[in-house]
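Taking it in order: structure first as structure tokens, then the write-up.
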Amino acid sequence: MSAKQLSVFIENRQGRLGEVLNVLKNNDVNILSLSLADTTEYGLLRLIVNKPEIGKEKLAEQGFSTMLTAVLVIEIQHEAGSLQTLLEILSKRDINIEYMYGLSTNANRAFVVLKTSDLNKASDVLAEYGIKCLTSEDVCAL
Amino acid sequence: MIWSKEETLSRAEIEEIQLSRLKETVNRVYKLVPAYREKMDKAGVKPEDIVTLKDLAKLPFVTKQDMRDNYPFGLFAVSKDKLLRIHASSGTTGKPTVVGYTQADMDTWTECVSRIACMGGATEKDVAQICFGYGMFTGALGLHYGLERVGAAIIPSSTGNSEKQIMYMQDFGTTLLVATPSYALRLAEVAKEMGIDPARDLKIKIGLVGSELLTDAMRAEMHKVWGDDMLVTSNYGMSELMGPGVSGECEYLCGMHINEDFFIPEIIDPVTGEVLPEGEEGELVITCIKKEALPLIRYRTKDITKLTYEKCKCGRTFCRMANLTGRSDDMLKIRGVNVFPSQIEEVILSFNELGPHYEIIVEREGYSDKLTVRVELAHVTDSFRELEDISRKVRNKLRIILGLDAKVLLESPNTLQRFEGKAKRIKDLRSK
């Protein structure tokens, strides 16, 4: 089970990130979590939003390169060591992590967004351990 | 099909025509154009010194600067009342260069373009859409008259309003497209945005492209979007010489046949001015031998190419010039290395991950030149590794081809400027 991440390619030019956020704001797309990875020339903005399809459509209309990527959103214990335990499970089964970032809704709950080599396998492995991955609907309901 | 029997004359017959027309032209300009007389006197050469075709090399060159110095009509060999048409080039620096045509010149022009259109596969059955800018630029009207003579139905749609261009193609059943290679690619892009597949949904099977150089990679790109069965030929000309119609490719795509009964080509070393032997690459110099209004002699085109006199499989005997590798004034000297923009284009077009549009920026950083190439991603990706991979591969290939390190900037699809006429893809910021 996976959730949809909104990915946006942005050139490293002044104001470019602001333009993306402006499009999202004007269409009432709320950001639950984000990660920005960049080089000196360009960046990839990865977003977990409440309305990924609308976000993609509106950004594309404004000329942005954008796509929806399947990612795993997993709830973990909000305490030291819980992330390490999760990664160990995946590592033992030869699943590589391409990138990862956190998602936190309030002081008591913590989530991690994961992109792995084989998403289905990762999701199955986690299920074996009783760890559930959230869908986009689940994420919106948080 | 071959349009005129002149195109298949023997070498001896061609040379006989050339020599008699050359003598006549040199006599005329010496008598009628003071600027020529002055130039020839200064070089110590008289019309009677032209005895064989080899004597052409004795004559002084004419450059764009000569045309500017004699603006507007100083190099004309007829009075204004004999003129039927005046065109001018887009003078990006200073005054434009002005050219004129008499009735005979218009006929010559039409004849030359008809031959080229015919070489490119045009027949009276074609519906030809001319997407060159109509106006002072010679490209559109030159092709217009030539294709009309061939008997094609002309759609003079000019440039711009690309959606409407696609609509005409669809509704009028256009079979032949006249455009610059970059505008042809742009039109395909627009068609796709409108949900139309140019290769499948349109009837265009012939592309006559010109006014910009067509590299092999660009031709491959044209086939990719317009279909493998499209015959894409490039043709060559410039307003100073006449407009389009100086030379064009036949279906064998092995160089552009020069209309040698109207133009004598030479290849020179652009630095020393020395005439180079057949097959060597250098600057193309053209002498117009059958023009009344503006018979330029040994005009330096600044275009880099080479010639071959081998007979072509199509049966034409006229010599062929290779597709241009660049312009001697487009050549960039970056950190002491000669770079032609076409080399960079070739690298970019070899990557499926990139679109065909690009921009070259040369800057000065301290005492060193810095080359930056902006390219467009063909597809969206979410993977950093993929992006870094593309960037590194392009950079490596540029280093191998150019012998220079370049910075590669990846951009979103559709962010770089599109051009309807000649593409301006080079920004040399070093002099500023």
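Whether any residue in region B:348-359 is among the aliphatic types (A, V, I, L, M), touching a residue at least 40 places away in the same chain (Cβ under 8 Å), away from chain A (no Cβ under 14 Å) and more than 22 Å from residue B:412 (Cβ to Cβ) is what I want to check.
No: zero hits.
For residues that are more than 13 Å from every other protein chain (Cβ to nearest Cβ), outside any helix (DSSP H, G or I) and not charged (D, E, K, R), tally how many sit in region B:368-399.
2
Of all residues being of a type in the set (A, V, I, L, M) and assigned to a helix (DSSP H, G or I) in region B:326-367, which is nearest to residue B:218 (Cα to Cα)? Just the residue, please.
Here the answer is B:349.
Please indicate, with yes or no, whether at least one residue in region B:134-141 is at pLDDT below 95, in a loop (DSSP other than H, G, I, E, B), buried (at least 20 other Cβ atoms within 10 Å of the Cβ) and of a type outside the set (A, V, I, L, M).
So far as region B:134-141 goes, yes, one or more of its residues are at pLDDT below 95, in a loop (DSSP other than H, G, I, E, B), buried (at least 20 other Cβ atoms within 10 Å of the Cβ) and of a type outside the set (A, V, I, L, M).
For region B:400-432, which positions are in a strand (DSSP E or B), within 14 Å of another protein chain (Cβ to nearest Cβ) and of a type in the set (A, V, I, L, M)?
B:408, B:409, B:410
Could you check, for region A:4-27, whether at least one of its residues is modelled with pLDDT under 95, part of a loop (DSSP other than H, G, I, E, B), surrounded by 13 or more Cβ atoms within 10 Å (Cβ to Cβ) and among the hydrophobic types (A, V, I, L, M, F, W, C)?
No, that holds for no residue.
Can you pull out every residue in region B:97-126 that is in contact with a Leu (Cβ under 7 Å, 6 or more places away or on another chain) and in contact (Cβ under 8 Å) with a residue 40 or more places away in the chain?
Scanning region B:97-126 gives B:99, B:100, B:101, B:102, B:113, B:117, B:120, B:121, B:122, B:126.
Does region A:28-44 include one or more residues that are under 20 Å from residue B:386 (Cβ atoms), without any contact (Cβ under 8 Å) to a residue 40 or more places away in the chain, away from chain B (no Cβ under 13 Å) and not in a helix (DSSP H, G or I)?
no
Residues checked against (1) within 14 Å of another protein chain (Cβ to nearest Cβ); (2) among the polar types (S, T, N, Q):
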| site | (1), (2) |
| --- | --- |
| A:73 | no, no |
| A:78 | no, no |
| A:82 | no, yes |
| A:89 | no, no |
| A:93 | no, no |
| A:99 | yes, no |
| A:105 | no, yes |
| A:109 | no, no |
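The values are calculated or read from the model by the stated rules, or taken from the named source; none is laboratory data. Treat the numbers as computed from the prediction; the structure is a model and nothing was measured. For neighbour counting, all protein chains shown are included, and Cβ atoms are generated from backbone atoms with ideal geometry for every residue, glycine included.
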